[in-house]
Amino acid sequence: HRPRLVAAHGASFANVGGAPDEHAVVHIVAASTVKAAGEALGDPELDWRRFRPNVLVDGTAEPWEELAWCGGRIRMGSVTLEVDEPTIRCPATRVDPSTAVVDASKERMPDISLKRRFPDLEGDIFGRRTQLSKKGSYLGLYARVVEGGDVAVGDDVVVL
């Protein structure tokens with residue numbers, strides 16, 4: 001059996017608020033961006049699990065490159081996703097994924113005062129274009145499945 005991405009009407013695989021069906025999303029994080037964020041925050045071994053993605057993507061040419069996917073579509077395996085918006089980070093990233101304890105060394109992550117450490121890019125959030133740094137730190141993408149199918153570890157991510 002291979003994993004299969006499916007629509008989840010009225011449910012979400014990520015902890016995004018909003019009206020029912022507004023945010024039934026898949027959360028995507030790029031490994032190169034986690035590495036860059038860790039280096040910017042003084043933690044080069046930052047654990048990607050802190051960001052709780054459904055999908056971890058490796059092999060992007062540059063950190064933060066995936067933010068350009070917002071407003072477009074990508075394909076993983078035979079699954080097509082509409083990439084809606086970047087993920088504004090919440091205090092849950094402070095929890096050590098190995099111990100479930102709040103990590104004192106991450107007490108301010110991703111505090112809005114750290115926003116200067118992240119690229120000052122524009123992105124679409126809930127359909128509105130905005131300067132991302134005005135919303136705080138961000139890492140990852142929310143995407144909706146628009147055509148279901150199969151996806152497996154090692155599948156290429158294709159920007160459509």
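The values are calculated or read from the model by the stated rules, or taken from the named source; none is laboratory data. The model shown is predicted, which means the values in this text are computed figures rather than measured ones. Every residue, glycine among them, receives a Cβ derived from its backbone with ideal geometry; neighbour counts consider all protein chains shown. Protein only, heavy atoms only, side chains kept; ligands, DNA and RNA dropped before computing areas. Shrake-Rupley method; radii C 1.70, N 1.55, O 1.52, S 1.80 Å.
Brief remarks on what is shown
- Segment 34-58: number of residues that are of a type outside the set (A, V, I, L, M, F, W, C), modelled with pLDDT of 85 or more and open to solvent by less than 70 Å² (accessible area, probe 1.4 Å): 3
- Note on segment 49-110: enclosed strands (runs of 3 or more DSSP E) holding 1 or more residues that are under 15 Å from the mean Cα position of the chain (by Cα) and without any contact (Cβ under 8 Å) to a residue 60 or more places away in the chain are 55-57, 79-88.
- Residues of segment 130-148 classified as modelled with pLDDT under 70 and under 20 Å from residue 46 (Cβ atoms), total: 3
- Condition met for residue 79 (open to solvent by less than 60 Å² (accessible area, probe 1.4 Å), at pLDDT 85 or above and touching a Cys at 6+ places or on another chain (Cβ under 8 Å)): no
- Single residue of segment 82-98 satisfying the filter (open to solvent by less than 50 Å² (accessible area, probe 1.4 Å) and modelled with pLDDT of 85 or more) that is farthest from residue 142 (Cα to Cα): 82
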